[in-house]
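Here is the structure we will look at, set down as structure tokens.
None of the figures in this text is laboratory data; all of them are computed from the coordinates on show. Predicted model, so just to flag it, every value in this text is computed and none were measured. No Cβ is skipped: glycine too gets one built from the backbone with ideal geometry, and neighbour counts run over all protein chains shown.
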Amino acid sequence: MNASGHDGSAILKSPPPHSVARKRFRRVILLTAAGLFLITALLVLGFFAYVQMFPERVARDAITSLRRNAALVRKEINLPGGVRYVYLDGGVGEPLLLLHGFGADKDNFNAVAHFLTSRYRVIVPDHIGFGESSKPPGADYSPPAQVEHLRALAKALSLGKIHIGGNSMGGQIALSYAASHSDEVVARPGWCLERAKE
């Protein structure tokens, strides 16, 4: 076919309507994808900038969120002899005393506590000499001394027989507690495994 009209002028062919619509659709998709990528990148960069500028606040907010999720409440108690415990308390059921390790604090168990608070009253103290609990100068911070402080805490909270667990140094203190005062501990080895099966 001749590309010119009868009078010799050129005939311009217009693209089919579906071709134009397809190009517009592609352009809209590309612009939308680019916009979403830009927004996502800005949000990620903003989050990292916020974390870098306010790390204490971010950590505090994360801890608060984990405590709330586990239904744990921060409490304090003064015991005879000037010892002050700061601890987390929450849940229903038999008392479960969880003990943190060296270099940790009462918030060490926040992520797992929400699995336990539906079946246990979970008490997680800062050991004497750690976290927010008192740090008497010249005090004995050995596992046997920590056991006696924890016994005083359990008595002050009227816990009766307790389940006890810990990690690292807290595990050693829990074992010392159970070995030296077995009549005050519920003798149920593997309590985590038993509850996980239910």
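Lys and Arg at +1, Asp and Glu at -1: add these up for the other residues within a Cβ distance under 14 Å of Arg84 and post the number.
Numbers: positive: Arg74, Lys75, Lys106, Lys135; negative: Glu76, Asp126, Glu132.
Spelling it out: positives minus negatives among the neighbours equals +1.
Under the rule a/c < 1.5 gives rounded, and otherwise a/b versus b/c splits prolate from oblate, where does the range 73-197 land using the Cα gyration tensor?
On the way: a/c = 1.56, a/b = 1.39, b/c = 1.12.
Prolate is the answer for the range 73-197, as a/c is 1.5 or above and a/b outweighs b/c.
Would the range 25-104 count as rounded, prolate or oblate if I go by the C-alpha gyration tensor, calling it rounded below 1.5 in a/c and otherwise prolate when a/b exceeds b/c, oblate otherwise?
Details: a/c = 4.98, a/b = 2.82, b/c = 1.77.
Taking the square roots of the gyration eigenvalues as a ≥ b ≥ c, the range 25-104 is prolate.
Going by the alpha-carbon gyration tensor, a ≥ b ≥ c the square roots of its eigenvalues, is the range 97-138 rounded (a/c under 1.5) or, if a/c is not under 1.5, prolate (a/b greater than b/c) versus oblate?
Numbers: a/c = 3.68, a/b = 2.35, b/c = 1.56.
The shape class here is prolate.
Could you please state, rounded to a whole Å, how far the C-alpha centre of the range 87-143 is from the C-alpha centre of the range 153-180?
10 Å
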